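> Have a look at this one before I ask anything.
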Amino acid sequence: MRNVTLAATQMKCGSDRQENLDRAEGLVRRATEQGANIILVQELFETPYFCKDQIAAHFDLATSVGDNPAVRRMSQLAAELGVVLPVSFFERANNAFFNSLVVIDADGQVLDVYRKSHIPDGPGYQEKFYFSPGDTGFRVWDTRFGRIGVAICWDQWFPEAARIMALQGAEYLFYPTAIGSEPQDSSLDSRDHWQRTMQGHAAANTMPVVASNRIGTEQGKSCGLTFYGSSFITDHTGAKLVEAGRDQEQVLVATFDRERLREIRASWGLFRDRRPDLYYQLLSMDGGRQ
C-alpha cells in the first residue's frame, strides 16, 4: 500500500475504565472514518494517570497482556475496521510491573510487547515506584501498512531510541504520552520543548512522527496535573502538519506516500554517512572512553 494515513488522538480519562475504553473506541472509529490506517491512542488511557502518587493499591490496575481489557477490545476493533492500533497498558508479568504497549495489526493479531525503557521520577510523575525499566529493547513491527516504531512518553526525549527504531527499518515513529503541568513550578510549560524534541527525531531520521497526549485536569493526593494535549503529526522534515488544541478531544490525520519517503531517506544520505565506529562513547554514562 503506497499511501498510508496516520492518526493521532487525544482525550480525557476519568475514573470509569469502561467509559475510557468507550471514548477511545469512539476516537478510533472517527479516525477510521477519516481514512486512517494506523491510529495512535495516548499512554495508559484505561485510567487516570495514577503515577502522581505512590499508592500500592494502584498495582491492582496491572494485568497480563492476555488479560488486559484494552488489548482485547482493541484487537476486536482493529480486526473489524482493518486498522493498526498501538495500545498502551499497565503490564503485570509475574512479580514484575511495566509500562508497556502492544501493536495490534489490521487483522486483530496482537504483536510483540514493548516495555518502556526510560522511566521518569519527579513531582507528579513518580513512575519509578510502579514500573521496572523495560527489558525488551526498542522494537519495530511489520504491519499491514508498513514497519512502525513505537516508544512510550519519556522515551520520546532520547534521540538514541528514535535512531535505533529508524535503523531497524521503521517508516514512521509513534509516541503515546501523558505530559502536562509541573507541580513543583507552575510557571513551567514544557509543551514547545516536548514538541521540538520529537520534531528533531523526525528531521534527523527523515520520517514522520505521531504523538498523542491526554487532556484534562486530574487530581491526586499529593498534587494535580493539567495535561496540555497538543498532539501532533510531523512530516519527514519535522514540520508540524496538524496539531490539536490544549483541551479539546480531537482526531488528527495526515497521509504519506511511503515510496516517496523511502526515496528521500535514501537520497539524503543521513544513514549512509553515519559513523557508528565513532559513537562508542554513547555506551558510557559520562561520555568517557571504553
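> For the chain, give the share of DSSP beta bridges that are antiparallel, in percent and rounded to the nearest 5; count only bridges with both residues there. Mind showing how you got there, number by number?
Numbers: 38 of 50 bridges.
Within the chain, antiparallel bridges account for around 75 percent of the total.
> How large a share of the accessible area of region 142-290, in percent, is made up of carbon and sulfur atoms when the probe is 1.4 Å and the other protein chains stay in place? Working shown, then result.
Values: 3660 of 7120 Å².
Here it works out to 51 percent.
> Counting DSSP beta bridges with both partners in region 36-175, what percentage is antiparallel, nearest 5? List each step's numbers first, then the result.
Numbers: 19 of 24 bridges.
Within region 36-175, antiparallel bridges account for around 80 percent of the total.
> Turning to a different aspect of this structure: At most 13 other C-beta atoms within 10 Å and a DSSP loop state: those are the exposed chymotrypsin sites (Phe, Trp or Tyr not before Pro) I care about. Give me the longest piece of the chain that has none.
Counting at most 13 other Cβ atoms within 10 Å as exposed, the longest clean stretch of the chain is 1-270.
> Can you tell me the accessible area per residue over the chain, all protein chains present, probe 1.4 angstrom, in square angstrom? Spell out each step's value before the answer.
Values: 12430 Å² over 290 residues.
It amounts to 43 Å² per residue over the chain.
> A further question on this structure: Which of the lysines could a cross-linker span from K221 if the Cα-Cα distance has to be under 17 Å and same-chain partners fewer than 8 positions apart are dropped?
Within reach: K52.
> Next up: Just D247, D112, D277 to compare: in a GNM of the chain, with alpha carbon springs under 10 Å, which one fluctuates most?
D277
> Shifting gears a bit: log10 I(q)/I(0), Debye, Cα-only region 43-146, no solvent, q = 0.24 Å⁻¹?
With no solvent term, the Cα-only Debye profile gives -1.29.
> Using the alpha-carbon centroid of each, what span in Å lies between region 1-61 and region 159-222?
When both Cα centres are located, 16 Å separates them.
> Okay, moving on. Please express the shape of region 35-104 as an equivalent ellipsoid: the semi-axes are the square roots of 5 times the eigenvalues of the C-alpha gyration tensor, given largest first in whole angstrom.
On the way: eigenvalues 122, 34, 15 Å².
They are 25, 13, 9 Å, listed from largest to smallest.
> Suppose a student asked you for the relative contact order of region 1-156, using Cα pairs under 8 Å spaced at least 6 residues apart; what percent would you report?
Details: 295 pairs, mean separation 30.2, N = 156.
Relative contact order for region 1-156 comes out at 19 percent.
> Hey, in the GNM for the chain with a 10 angstrom Cα cutoff, which one of D185, D107, D16 fluctuates hardest?
D185
> Under a 10 Å cutoff between Cα atoms, tell me which one of G26, G124, G169 has the largest fluctuation in the Gaussian network model of the chain.
Comparing G26, G124, G169 in a Gaussian network model of the chain, the most mobile one is G26.
> Just from its helices, what would the mean residue ellipticity at 222 nm be for the chain, if runs of 4 or more DSSP H residues each count -39500 (n - 2.57) and the sum is divided by every residue, rounded to the nearest 500 deg cm²/dmol?
On the way: 5 runs with 65 residues, N = 290.
Value at 222 nm, helices only: -7000 deg cm²/dmol.
The values are calculated or read from the model by the stated rules, or taken from the named source; none is laboratory data. As the structure is a computational prediction, the values presented were derived from the model and not from experiment. Don't worry about glycine lacking a Cβ; one is built from the backbone with ideal geometry, like all the others, and counts go over all protein chains shown. To get the accessible areas, we keep the full protein, side chains included, count just its heavy atoms, and leave off ligands, DNA and RNA. Shrake-Rupley method; radii C 1.70, N 1.55, O 1.52, S 1.80 Å.
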